[in-house]
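> Right, I'll just put the structure down here and ask away after.
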Amino acid sequence: MQRLRARLSELDRRRRHRASARALLRLGAEPESWLDIATGDAHFPAAAKELFPYTSFDGLDATGRVEAARGADRVEEAHVGAPTDPHITRALTGRYDVISLLGPTEHLGAALAFLRPGGHVLVETASPDAVRAELAAHACAIVPTDRHPALDRLSRTTRIIARRAPSPA
């Protein structure tokens with residue numbers, strides 16, 4: 001019975017990851033580079049890669065699990081640390097077309113530095129109002145999605161997609 005529960009949990013996680021990636025797919029062109037923050041074993045990039053085969057997925061995690069994910073080809077580059085670490089900030093600022101945070105969002109403000117102008121951020125959060133305020137404070141506009149509001153009420157998390165303002169021309 002426990003194996004069945006684990007398998008169902010795995011299938012549910014994969015379904016949620018594909019749905020999150022699909023929400024970004026509906027916005028248009030395939031991004032060149034994507035950073036998944038707090039990626040752990042990088043199951044989300046592995047699922048998203050099925051929909052974005054030409055996108056380079058990198059992972060950032062505070063644990064060494066991201067190194068194992070790179071060894072398993074779930075991410076191309078593995079970064080160990082937090083978005084607020086100075087060596088991470090120097091290396092990743094302005095590098096990505098998309099960043100995703102599907103877990104804790106306490107480092108959202110720091111992580112937005114990694115996003116190129118005009119890039120997108122995908123967040124799943126249990127506190128959507130705080131995330132929306134943080135995104136607005138960093139010149140990111142919420143992108144309307146076709147997800148029905150009832151799905152957010154049924155879920156423990158709310159999916160938010162935002163676009164960073166393009167650089168002035």
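> Averaging sequence separations of C-alpha pairs under 8 Å and six or more residues apart, then dividing by the length of segment 13-70, give the relative contact order as a whole percent. Each step should come with its number before you reach the end.
Details: 73 pairs, mean separation 22.6, N = 58.
Answer for segment 13-70 is 39 percent.
> Further question: Over all directions, average the projected area of the Cα convex hull of segment 10-169 and note it in nm². Write down the numbers at each step before the final one.
Working: hull surface 36.8 nm².
The directionally averaged projection comes out at 9.2 nm².
> What are the ³J(HN,Hα) values, in whole Hz, obtained from phi via the Karplus relation 6.51 cos²θ - 1.76 cosθ + 1.60 with θ = phi - 60°, for each residue of segment 120-126 in sequence order, with x given for Gly and Pro?
Each residue's phi maps through the Karplus curve to give 10, 10, 10, 10, 10, 9, 8 Hz.
> So what's the gap between the Cα centers of segment 121-147 and segment 45-64, to the nearest angstrom?
21 Å
> Moving to a separate point now. Stretch residue 113-residue 136 to full length: gain in nm at 0.36 nm per residue minus the Cα-Cα span?
Full extension from residue 113 to residue 136 adds 6.9 nm.
Throughout, read-outs are computed from the coordinates displayed, never taken from laboratory work. Worth saying up front: this structure is predicted, and the values here are computed from it rather than measured.
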